[in-house]
Amino acid sequence: MLNSGVLTKSNSKNLDSSNAIILTENEVVQLRREKISNWPDKNQVFALQYGIPFLSASNLLTNTWINSMFRKKFNLKYGGSVGAFFSSVLLTGVFPTAADAAFLNFYYIDFLFYSSPTECLICREIKSIGLHLAIGSVIPAFLAWNTNYFQAGIYKTYSLPYHKWLMEKKYWPKYWYYFKRVFKNTTKNTFSRIYLSFSIQLILSSAVFFLQQKEYYEHIEPQKIGLSEIKKIKSI
């Protein structure tokens, strides 16, 4: 085979050249990632390399802050056990942050690497920001309140409605009355802080995605992929 070919971003049935090298989307992503990891000037690809880890770290900090706020509301700051504290951190911070990072790498970064010029990257960016806020911020905030509510019931640190009232229909109004009172008291003066954390994530994710696109189209996308690089991942 000659040291030349056609590099495509997906399988194509319209290429008739016997010298064409057809790469799948996954292979293109792998080559782009290797190009970035071996880039000589790390400052030129800083957002591409460290943007998602940076978002994950900031997300974990804001989620932990919200979780600590609810633990204080439910009097769990000095109650419960060390295991309960770490389990709440895992449920409200670590797991959602890891899921969010995996999602952003798959849904946004990989798409950026194999997308064609005709595809709407702004549309994908807006969707990614929205889903990032949902997975990385909204769901963890919801989990934080619920996790600490149940832990407060286990460790008796807060007066909660009797759970067995749910078993009898005649006690439902009484249960919901006390439940709403607990919700109101434990969420008082918290929504402004939650909105602040959402705003921080919105600003940071918008900035990171913008810089990633800028770095990619200025430095990575114009670079040709050599045959020697392709041979490392594909038998030719």
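The values are calculated or read from the model by the stated rules, or taken from the named source; none is laboratory data. Owing to the predicted nature of the structure, the values given are computational and were not obtained by experimental measurement. When we count neighbours, we look across all protein chains shown, and the Cβ atoms used for this are built from the backbone with ideal geometry, even at glycine. Each accessible area value is taken on the protein alone, full model and side chains, heavy atoms only, with ligands, DNA and RNA left out. Shrake-Rupley method; radii C 1.70, N 1.55, O 1.52, S 1.80 Å.
List every DSSP H helix in the chain whose Cα atoms extend 15 Å or more along the helix's own long axis and whose mean Kyte-Doolittle hydropathy is at least -0.5.
46-73, 121-133, 139-155, 191-215
So if R0 is 30 Å, what FRET efficiency would Y50 and I126 give, r being the distance between their Cβ atoms, rounded to the nearest 0.05?
Calculated value: 0.85.
Given points 7 Å out from each Cα along the Cα-Cβ axis, report the Y155 to K72 separation in nanometres with one decimal.
Using points 7 Å along Cα→Cβ, the separation is 1.6 nm.
If you consider only alpha-carbon coordinates, what radius of gyration and Dmax does the stretch 83-178 have, in Å?
Computed over the Cα atoms of the stretch 83-178, radius of gyration and Dmax are 20.2, 63 Å.
Evaluate E = 1/(1 + (r/R0)^6) for F183 and S206, where r is the Cβ-Cβ distance and R0 equals 30 Å; express this FRET efficiency to the nearest 0.05.
Details: r = 32 Å, r/R0 = 1.06.
For F183 and S206, the calculated efficiency is 0.40.
Go ahead and estimate [θ] at 222 nm for the chain from helices alone: -39,500 (n - 2.57) per DSSP H run with n ≥ 4, summed, over the residue count, rounded to 500.
The helix-only estimate for the chain comes to -19000 deg cm²/dmol at 222 nm.
What accessible area per residue comes out for the chain, rounded to a whole number of Å², with a 1.4 Å probe?
Using a 1.4 Å probe on heavy atoms only, each residue of the chain averages 59 Å².
What number comes out for the charge environment of H132, summing +1 per Lys or Arg and -1 per Asp or Glu over other residues with Cβ under 13 Å away?
The answer is 0.
Can you compute the FRET efficiency between F142 and F106 using 1/(1 + (r/R0)^6), with r the Cβ-Cβ distance and R0 = 22 Å? Round to the nearest 0.05.
According to the calculation, E is roughly 0.40.
Quick check: convex hull of the Cα atoms in the stretch 100-236, volume per residue, rounded to a whole Å³?
In the stretch 100-236, the Cα convex hull volume per residue is 202 Å³.
What is the chain's relative contact order, in percent, from Cα pairs under 8 angstrom and six or more apart in sequence?
28
Which entry is the computed semi-axes √(5λ) of the Cα gyration tensor in Å for this structure: [x] 34, 19, 17; [y] 54, 42, 19; [z] 50, 18, 15?
It is the one labelled [z].
Using a 1.4 Å probe on the protein chains only, how many percent of the accessible area of the chain belongs to carbon and sulfur?
63
Whole number please: convex hull volume per residue of the Cα set in the stretch 136-182, in Å³?
Looking at the stretch 136-182, the number lands at 86 Å³ per residue.
Taking a label point 7 Å from the Cα of E25 along the Cα→Cβ vector, which residues of the stretch 85-110 have an amide N closer than 14 Å to it?
Correct set: 105-110.
Highest mean first, how do 95-104, 157-166 rank when packing is the count of other Cβ atoms within 10 Å averaged over residues? Each step should come with its number before you reach the end.
Numbers: 95-104: 19.0, 157-166: 14.3.
The densest-packed peptide leads the list: 95-104, 157-166.
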